[in-house]
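Colleague: What follows is a single structure, and I will ask about it in a moment.
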Amino acid sequence: MKNERRIKVDFPNVDLTTDDISTEYIRAGKSIIEEGRMKSLDDFLNRLDEYNHLQYRLMDKTKALCKSMENMVDNDFVVVNGLSSFFDEIDRITERMDTMTYFVPRDEVLQVLEDYLSLHQRLFNKPMFFVESGYDNMQKYEL
């Protein structure tokens, strides 16, 4: 659970209650409080719950982006209409998660991010276009 003073947030996608949180997490939270990185146990529990929700939002948004990207892998070029909103949302989520340096996401989230990075590398080595007309054609990319 603890890795280099970081706590893996490994809960289902639910609102966390104190009953859901094991003593291991509570001990880790107390350690973080003692180090001065948080003010109280309530603050720790609120951040834990927020991080848990953020990691699932990140996973859902990244999966949707991957699905769109997979539809373009065999193309000779990449059409980027509509992708910027995905990238912006993913950036906002990851920036917030990055401020919580004491947590790491669950393995499923890391796998989705790994898949995304692989697709990103394969796609963005191709020519990119932003198409202003012909938005009807974008539907086949599920954007």
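The values are calculated or read from the model by the stated rules, or taken from the named source; none is laboratory data. All values reported here derive from a predicted model rather than from experimental measurement. Glycine gets a Cβ as well: all are built from the backbone with ideal geometry, and neighbour counts include every protein chain shown.
Colleague: Residue check: is D43 over 16 Å from the mean Cα position of the chain (by Cα), at pLDDT 80 or above and within 24 Å of P12 (Cα to Cα)?
Modeller: It is true that D43 is over 16 Å from the mean Cα position of the chain (by Cα), at pLDDT 80 or above and within 24 Å of P12 (Cα to Cα).
Colleague: Mind listing just one residue for me: the one in the stretch 7-66 that is in contact with a strand residue (DSSP E or B) (Cβ under 6 Å, 6 or more places away or on another chain) and not in a helix (DSSP H, G or I) and, of those, surrounded by the most Cβ atoms within 10 Å (Cβ to Cβ)?
Modeller: V9
Colleague: So the check is Cβ under 7 Å with 6+ separation or different chains; which pairs have a first residue in the stretch 73-100 that's more than 22 Å from N52 (Cβ to Cβ) and touching a residue at least 60 places away in the same chain (Cβ under 8 Å) and a second one that's among the β-branched types (V, I, T) and in a loop (DSSP other than H, G, I, E, B)?
Modeller: Matching pairs, first to second residue: V79/V131; N81/V131.
Colleague: Taking the conditions exactly as written (outside any helix (DSSP H, G or I) and either over 26 Å from D15 (Cα atoms) or not charged (D, E, K, R) (or both)), does N75 satisfy them or not?
Modeller: Answer is yes for this residue.
Colleague: Given the condition in contact with a Phe, Trp or Tyr (Cβ under 7 Å, 6 or more places away or on another chain), within 18 Å of V9 (Cα to Cα) and surrounded by 14 or more Cβ atoms within 10 Å (Cβ to Cβ), answer yes or no: does some residue in the stretch 105-127 qualify?
Modeller: Within the stretch 105-127, none of the residues are in contact with a Phe, Trp or Tyr (Cβ under 7 Å, 6 or more places away or on another chain), within 18 Å of V9 (Cα to Cα) and surrounded by 14 or more Cβ atoms within 10 Å (Cβ to Cβ).
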